[in-house]
1. Quick one: in the range 226-237, of everything that is within 22 Å of the chain's Cα centre (by Cα) and hydrophobic (A, V, I, L, M, F, W, C), which residue is most open to solvent (accessible area, probe 1.4 Å)?
2. Being part of a helix (DSSP H, G or I) and either crowded, with 17+ Cβ neighbours inside 10 Å or in contact with a Cys (Cβ under 9 Å, 6 or more places away or on another chain) (or both) is the filter here; which residues of the range 189-205 pass it?
3. Here is a check on your reading of the model: is Ile295 of a type outside the set (Gly, Ala, Ser) and within 19 Å of the chain's Cα centre (by Cα)?
4. Which of the residues that make up the range 48-82 are in a loop (DSSP other than H, G, I, E, B), small (Gly, Ala, Ser) and open to solvent by 20 Å² or more (accessible area, probe 1.4 Å)?
5. Which of the numbered conditions does Glu246 fail, given that it passes all the others? Conditions: (1) closer than 30 Å to Ala177 by Cα; (2) touching a residue at least 12 places away in the same chain (Cβ under 8 Å).
6. Here are Arg264, Arg286, Arg277: which of them is open to solvent by 60 Å² or more (accessible area, probe 1.4 Å), more than 19 Å from the chain's Cα centre (by Cα) and without any contact (Cβ under 8 Å) to a residue 40 or more places away in the chain?
7. Can you tell me which of Val155, Val150, Val126, Val133 is under 18 Å from Val89 (Cβ atoms) and touching a Lys or Arg at 6+ places or on another chain (Cβ under 9 Å)?
8. Of the conditions (1) within 18 Å of the chain's Cα centre (by Cα); (2) hydrophobic (A, V, I, L, M, F, W, C); (3) more than 30 Å from Thr181 (Cβ to Cβ), Val240 clears all except one; give me its number.
Amino acid sequence: MLKQTWWAFALVMPLAADPKLDFARGVLEEARGNEGLEWFEKALAADPEAMSLVSRVGQGRFQAGDLEGASKVYRELAMARPDAVAAQVAYSDFLRMAAPNDDFAAKLATEALERALESSSGDAGVIQRLFRVYEQRGMRDESLALFDQVRKGEVSGGQSALLAADMARTLFPDDDAAVQTKLDEIFHQAMARGPTDPRLARAASEHFRKTGRLDEAVVMLEKHVEVAPSSLELRVRLGVLLLAAERMDEGEGVLKEVLEIDPRQALAHQALAKLYRKQERLDEARPHAAEVLKIRGGDADEFATLAEEFLEAGMAREARLLLEKGLYDFPEVAEIAVQLAIATRRDPQTRNEASRLFREAEALSGVDGPATQPEFMREFAECLLEEGKVTPAEDRLRAAIKAYPPEAKGEMAAAMRRLAEIWLAEGRNEAAAKALQKRADSLAK
């Protein structure tokens with residue numbers, strides 16, 4: 001008997017670096033099914049008030065289809081320990097899980113939770129469960145009384161405001177002014193008592209934001225970050241709310257301070273990127289937008305679009321760093337590979353590494369992909385010329401000239417002149433080179 005009880009108890013112990021327990025768990029894993037459950041039953045008979053064994057036997061019986069037997073295990077524990085909050089909560093949770101729509105089960109769960117409330121001195125978890133059961137059973141007077149108890153702060157753990165707000169959303173219409181006034185008072189008082197609680201600060205701020213009072217929402221977060229400056233997530237939230245309240249300089253300052261502490265706060269980068277784009281400060285917006293993609297990731301199109309902005313602005317290094325992340329996330333997207341080859345060549349630090357990337361991008365692109373774009377072929381041609389590979393460079397320049405649309409006359413003319421320069425520099429095709437130059441001049445006009 002003792003041996004079997006020890007084996008059963010070993011299985012429900014937390015994981016530990018104990019070879020004996022590891023061995024015990026292994027044996028019990030092999031002894032699955034009814035035999036394993038029998039061992040737990042015997043262990044429970046020896047110690048009927050052991051919560052871990054009650055839970056194991058109750059769940060085992062329930063999974064075996066013995067609903068009455070499972071309920072009996074929890075009920076006997078709850079009756080034996082009416083003052084034990086955990087026992088009452090376990091019984092009520094089982095009833096609500098096993099028979100969520102049964103009126104009699106809901107009544108038993110109510111009684112268990114009311115016993116738990118008497119013993120818990122206002123435990124938030126017990127109150128929340130009891131409130132849900134009251135609402136399920138249509139016991140509105142009891143729900144309102146419970147709400148009033150929470151509103152007065154008679155909840156342990158400093159969670160009165162959070163509970164009251166959650167209950168009020170169920171009990172009252174959103175536009176009930178009297179209730180909103182009560183909730184205002186609850187949040188103000190709660191923040192005065194415990195402004196360091198991040199959940200409370202966020203909930204208080206959201207309460208005022210959702211009711212159209214941004215300045216009050218800001219104040220709630222300011223109180224929190226003043227006493228908890230390491231709460232970076234809510235400092236970011238404060239910055240975002242300041243921007244929403246049109247306090248741009250303050251919001252920008254808060255977000256910059258956060259990024260000085262932790263440069264990987266993606267929401268701060270996102271907010272600054274949005275602010276700078278709105279203010280047409282594009283050179284400042286792009287780096288923050290890039291950091292968002294590097295930290296959070298994004299769609300392939302987002303990488304490609306932002307990289308194109310960097311390239312057009314002459315910021316090849318920034319484009320390259322972004323595209324390296326993009327290609328890592330999307331190794332089969334030829335457009336990103338094409339842009340990365342171009343950016344790598346334009347960045348003086350990595351120019352010598354571009355040749356391999358051009359070849360890989362061309363192979364990935366295929367015969368009709370983005371590597372057939374004239375810009376790519378011109379860049380690839382220059383890369384080949386630097387390697388002394390004249391013939392393949394000429395081929396790509398010819399292809400680029402053909403690929404330019406009719407309206408791109410300047411770009412087409414530049415490609416023609418470059419091809420003519422190659423021929424003249426090598427002393428061949430002199431007549432064709434001069435003809436090409438004349439054609440380029442006519443296009444430019």
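1. Restricting to residues being within 22 Å of the chain's Cα centre (by Cα) and hydrophobic (A, V, I, L, M, F, W, C), the top hit is Leu232.
2. Passing the criteria: Ala190, Met191, Leu200, Ala201, Arg202, Ala203, Ala204, Ser205.
3. Taking the combined requirement at face value, the residue satisfies it.
4. The answer is Ala64, Gly65.
5. (2)
6. Arg277
7. Val133
8. (3)
The values are calculated or read from the model by the stated rules, or taken from the named source; none is laboratory data. Treat the numbers as computed from the prediction; the structure is a model and nothing was measured. Note that we place each Cβ from the backbone using ideal geometry, even for glycine, and neighbour counts take in every protein chain shown. For accessibility, only protein heavy atoms count, side chains too; no ligands or nucleic acids. Shrake-Rupley method; radii C 1.70, N 1.55, O 1.52, S 1.80 Å.
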